[in-house]
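**Q** Please read through the structure below; I'll follow up with questions.
The values are calculated or read from the model by the stated rules, or taken from the named source; none is laboratory data. A quick note: this is a predicted structure, and the numbers were derived from the prediction, not measured. Note that we place each Cβ from the backbone using ideal geometry, even for glycine, and neighbour counts take in every protein chain shown.
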Amino acid sequence: MSVHHKVKRVTTNVLQEMKLRGEKISMLTGYDYSMAKIIDQAGIDVILVGDSASNVMAGHETTLPITLDQMIYHASSVVRAAQRALIVVDMPFGSYQGNSKEALSNAIRIMKESGAHAVKMEGGQEIIESVKRILTAGIPVMGHLGLTPQSIYKFGTYVVRAQEEDEAQRLIEDAKALEEAGCFAIVLEKIPAKLASKVAENLSIPIIGIGAGNGVDGQVLVVHDMLGINNEFNPRFLRKYNNLFEQMMTAFKQYKEDIVKGNFPNEKEQY
Ligand code: KIV
């Protein structure tokens with residue numbers, strides 16, 4: 001048996017069954033081979049090659065600058081690492097909003113050149129034509145509503161979305177439109193927990209939350225945030241499972257000190 005068949009892959013059908021059984025879905029972002037390998041072996045169900053790579057990997061202020069080629073590079077690194085997780089890739093800003101034919105050819109590039117299993121797109125009814133066209137090619141699509149960071153210049157702020165009745169109502173309609181179009185799951189970002197639960201109860205596809213409370217079908221976090229690598233990002237919804245900023249800082253300082261003092265390498269660490 002080849003190594004590729006040893007572990008049973010999480011598929012979009014598996015996620016659907018998990019929702020039916022009331023089993024919560026775990027999802028983390030991943031952008032590179034080494035981190036994705038650990039995430040996968042920890043049993044996380046979905047790895048999202050998020051366009052948050054633009055922030056945490058490339059240091060941009062927003063997700064807008066990352067390109068399709070850069071997303072494909074990150075995604076193919078993750079694909080080489082993960083044997084079990086479903087791998088979903090964010091379609092970057094500008095690659096799907098305008099023209100549904102271009103959206104399809106960009107989604108095909110992601111699937112062909114990275115080997116990933118699905119794409120994620122931000123928006124509701126305004127992008128439905130692109131969503132539908134991509135689905136006709138057999139490419140699974142995950143939706144993303146609420147705080148959609150590619151629209152940050154329209155929102156003007158990263159505050160909680162859909163707190164007002166009209167925006168909440170639009171979000172419910174967008175979620176239904178994405179489900180009807182054939183999306184296999186939807187991410188809801190930074191919206192009131194009550195609204196997110198309502199969407200999860202009313203839709204049959206899995207709803208994955210980030211800053212959307214516990215009444216949804218699963219959770220996603222940006223891996224650098226939950227590991228505490230970035231010590232400047234502390235939103236209320238973020239639970240830090242480590243403080244790697246401090247731990248890495250200590251290790252790097254110790255390494256420098258050892259070099260400066262002539263303690264590294266020692267006799268056992270040389271040939
Ligand atoms: O790009 C990303 O990391 C995301 C998650 C925050 C859901 O879209």
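**Q** Within the group G115, G143, which residue is surrounded by 19 or more Cβ atoms within 10 Å (Cβ to Cβ) and touching a residue at least 12 places away in the same chain (Cβ under 8 Å)?
**A** Working: G115 fails: surrounded by 19 or more Cβ atoms within 10 Å (Cβ to Cβ).
Residue meeting the stated conditions: G143.
**Q** Right, something else. Could you look through the stretch 8-31, keep only residues that are within 13 Å of the chain's Cα centre (by Cα) and in a loop (DSSP other than H, G, I, E, B), and pick out the one that is farthest from R84 (Cα to Cα)?
**A** Y31
**Q** Moving to a separate point now. Taking V79, is it under 20 Å from A118 (Cα atoms), in a loop (DSSP other than H, G, I, E, B) and more than 16 Å from the ligand (Cβ to nearest atom)?
**A** Working: under 20 Å from A118 (Cα atoms): yes; in a loop (DSSP other than H, G, I, E, B): no; more than 16 Å from the ligand (Cβ to nearest atom): yes.
It is false that V79 is under 20 Å from A118 (Cα atoms), in a loop (DSSP other than H, G, I, E, B) and more than 16 Å from the ligand (Cβ to nearest atom).
**Q** How do the pairs read when you match residues in the stretch 41-53 that are assigned by TED's automatic domain parsing to the domain that holds V78 with residues anywhere that are within 8 Å of the ligand (Cβ to nearest atom) and not in a strand (DSSP E or B), using Cβ under 7 Å and keeping only pairs 6 or more apart or on different chains?
**A** These pairs meet every condition: G50/V222; D51/T63; S52/T63; S52/V222.
**Q** Follow-up. Got a sec? Which of S204, S197 is polar (S, T, N, Q) and part of a helix (DSSP H, G or I)? Before the answer, list the steps.
**A** Details: S204 fails: part of a helix (DSSP H, G or I).
Among S204, S197, only S197 is polar (S, T, N, Q) and part of a helix (DSSP H, G or I).
**Q** Looking only at the stretch 30-37, decide whether some residue is away from the ligand (no atom under 11 Å from the Cβ), modelled with pLDDT of 95 or more and among the aromatic types (F, W, Y).
**A** So in the stretch 30-37, the residues away from the ligand (no atom under 11 Å from the Cβ) come out as 32-37.
Those left that are additionally modelled with pLDDT of 95 or more: 32-37.
With the extra rule that they be among the aromatic types (F, W, Y), the set shrinks to 33.
Looking through the stretch 30-37, at least one residue is away from the ligand (no atom under 11 Å from the Cβ), modelled with pLDDT of 95 or more and among the aromatic types (F, W, Y).
Here's the yes/no breakdown for (1) outside any strand (DSSP E or B); (2) buried (at least 19 other Cβ atoms within 10 Å of the Cβ); (3) more than 16 Å from the ligand (Cβ to nearest atom); (4) not polar (S, T, N, Q):
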| position | (1), (2), (3), (4) |
| --- | --- |
| L104 | yes, yes, yes, yes |
| I110 | yes, yes, no, yes |
| I139 | yes, no, yes, yes |
| T157 | yes, no, yes, no |
| V187 | no, yes, no, yes |
